[in-house]
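Here's the structure we're looking at; comments come further down.
The values are calculated or read from the model by the stated rules, or taken from the named source; none is laboratory data. Note that the structure is a prediction, hence the values are computed from the model and not measured. FYI the Cβ positions are ideal-geometry reconstructions off the backbone, even for glycines, and counts take in every protein chain you see. Just the protein is used for accessible areas: all its heavy atoms, side chains included, with ligands, DNA and RNA removed. Shrake-Rupley method; radii C 1.70, N 1.55, O 1.52, S 1.80 Å.
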Amino acid sequence: MSNPVLVEVTRGALVESRHRGMVIAVDGDGNTVFSLGETDVGVFPRSACKAMQALPLMETGAADAYGFGTRELALACSSHNGEPEHVAVAAKMLAAAGRDVDTLECGAHWSGNQKTLIEQARTLERPIALHNNCSGKHAGFICAVCHDGGDPTGYVTYDHPLQREIRGTMEALTGGVLGHDNCGTDGCSIPTYAVPLKGLAHGFAKMATGAGLEPERARASKRLIEACMAEPFYVAGTGRACTRLMQLAPGRIFAKTGAEGVFCAAIPGKGIGIALKCEDGTTRAAEAMVAATLARFFKDEPDLHASLRGMADHAMHNWNGLFVGDVRVTDAFA
């Protein structure tokens, strides 16, 4: 099966780029409510599944024991810009567990946000692990391990008890079988597993609705999703699509990006989970795809529908401010 073209990028009167992809939306019972392309093929969710990976932070009792609020929980699910606010909360989380930056095993990198990068380059000799976009997730991992009385050393490795727990959690949520055969290494060094998009979407539908989950997991899932929706800046940051999508409909849309053109989302009030991938890994196209998918479920709210479609279909301008073309989704989303 060939995946359909879902996004086109124009320049002048011509289509310059075409992006194929796969999209699926399901309800809490796993029933498909919208689908495009081959959604049963395994894909690496990368950072899009961080809310699933944050469940041990909740279920071990660490989050409550350390007094974490919505900002800490949102950062545990984040791929942040490394802005000062993000760095401060990650450091605070580590301190709560009696740890510091040296415990992080995610590596360090400069911010992907231009303004933040310029400030970092002006004030820092080099970035540290707290600036890594995954430092909040890793701080959550360390807190979960320390609160449970474990040793966080090597917490990123396949055989560490924390990663075994995360593997089991993701299997339960997605219905996938996770192991060495479908495992790769993520950018922040933890294992990442290829699972079908439908399983990812169903997992987020279950997290958003509690359908089919035991009470403790349903409560933990609800708190994480609600924290992200309450603090969208701490999920991503200034100018980022995840943050902007959640700000359009406060408390009603959850959205989280992953590398290589993956996006997961949920609409808790409608009981829907969404997962998608731009086949060629282009983030710009994936952002258009998720906005258009979300818009389909808000046709009865003209203003919100228009705002979401405005993120999906938008003009491009060059450095002189001149209009050069459009990013637009295809009629597949009609």
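Please enumerate the residues belonging to the stretch 314-334 that are over 15 Å from Leu14 (Cα atoms) and surrounded by fewer than 18 Cβ atoms within 10 Å (Cβ to Cβ).
His314, His317, Asn318, Trp319, Asn320, Gly321, Leu322, Asp331, Ala332, Ala334
Could you check the stretch 25-46 and list, in sequence order, the residues that are open to solvent by 20 Å² or more (accessible area, probe 1.4 Å) and part of a loop (DSSP other than H, G, I, E, B)?
Residues satisfying the conditions are Asp29, Asn31, Glu38, Asp40, Val41, Phe44.
Which of the numbered conditions does Val156 fail, given that it passes all the others? Conditions: (1) among the aliphatic types (A, V, I, L, M); (2) part of a helix (DSSP H, G or I); (3) open to solvent by 10 Å² or more (accessible area, probe 1.4 Å).
Going through (1) among the aliphatic types (A, V, I, L, M); (2) part of a helix (DSSP H, G or I); (3) open to solvent by 10 Å² or more (accessible area, probe 1.4 Å) one by one, Val156 breaks only (2).
Name the one entry in Glu231, Glu226, Glu214 that is surrounded by fewer than 24 Cβ atoms within 10 Å (Cβ to Cβ), free of Cβ contacts under 8 Å to residues at least 40 places away in the same chain and out of contact with any His (no Cβ under 8 Å at 6 or more places or on another chain).
Just a single option satisfies the conditions, and that option is Glu214.
State the number of residues belonging to the stretch 1-15 that are surrounded by fewer than 18 Cβ atoms within 10 Å (Cβ to Cβ) and either polar (S, T, N, Q) or over 29 Å from the mean Cα position of the chain (by Cα) (or both).
Count: 7.
Going through Gly237, Gly184 one at a time, which residue ends up being in contact with a strand residue (DSSP E or B) (Cβ under 8 Å, 6 or more places away or on another chain) and not β-branched (Val, Ile, Thr)?
After applying the criteria, what remains is Gly184.
Out of the residues in the stretch 6-15 meeting the condition of being at pLDDT 95 or above and out of contact with any Ser or Thr (no Cβ under 6 Å at 6 or more places or on another chain), tell me which one is farthest from Val327 (Cα to Cα).
Filtering first and then ranking leaves Leu14.
Does Ala255 meet the test of being crowded, with 23+ Cβ neighbours inside 10 Å, at pLDDT 95 or above and in contact with a Phe, Trp or Tyr (Cβ under 9 Å, 6 or more places away or on another chain)?
Taking the combined requirement at face value, the residue satisfies it.
Given the structure, is Gly273 assigned to a loop (DSSP other than H, G, I, E, B), of a type outside the set (D, E, K, R) and open to solvent by less than 50 Å² (accessible area, probe 1.4 Å)?
Criteria not met by Gly273.
Go through the stretch 288-310 residue by residue and tally those that are assigned to a helix (DSSP H, G or I), farther than 16 Å from Glu8 by Cβ, open to solvent by less than 40 Å² (accessible area, probe 1.4 Å) and touching a residue at least 40 places away in the same chain (Cβ under 8 Å).
Looking only at that region, the number is 5.
How many residues does the stretch 54-78 contain that are closer than 24 Å to Met170 by Cβ, open to solvent by 10 Å² or more (accessible area, probe 1.4 Å) and part of a loop (DSSP other than H, G, I, E, B)?
Adding up the residues that qualify gives 4.
Given the condition outside any helix (DSSP H, G or I) and polar (S, T, N, Q), answer yes or no: does some residue in the stretch 160-171 qualify?
No, that holds for no residue.
Quick check: anything in the stretch 31-50 modelled with pLDDT of 95 or more and within 15 Å of Arg223 (Cα to Cα)?
yes
Report yes if Gly187 is in a loop (DSSP other than H, G, I, E, B), surrounded by 15 or more Cβ atoms within 10 Å (Cβ to Cβ) and either among the aromatic types (Phe, Trp, Tyr) or in contact (Cβ under 8 Å) with a residue 60 or more places away in the chain (or both), otherwise no.
yes
Before we move on, is Arg219 farther than 22 Å from Asp64 by Cα and more than 15 Å from the chain's Cα centre (by Cα)?
In short, no.
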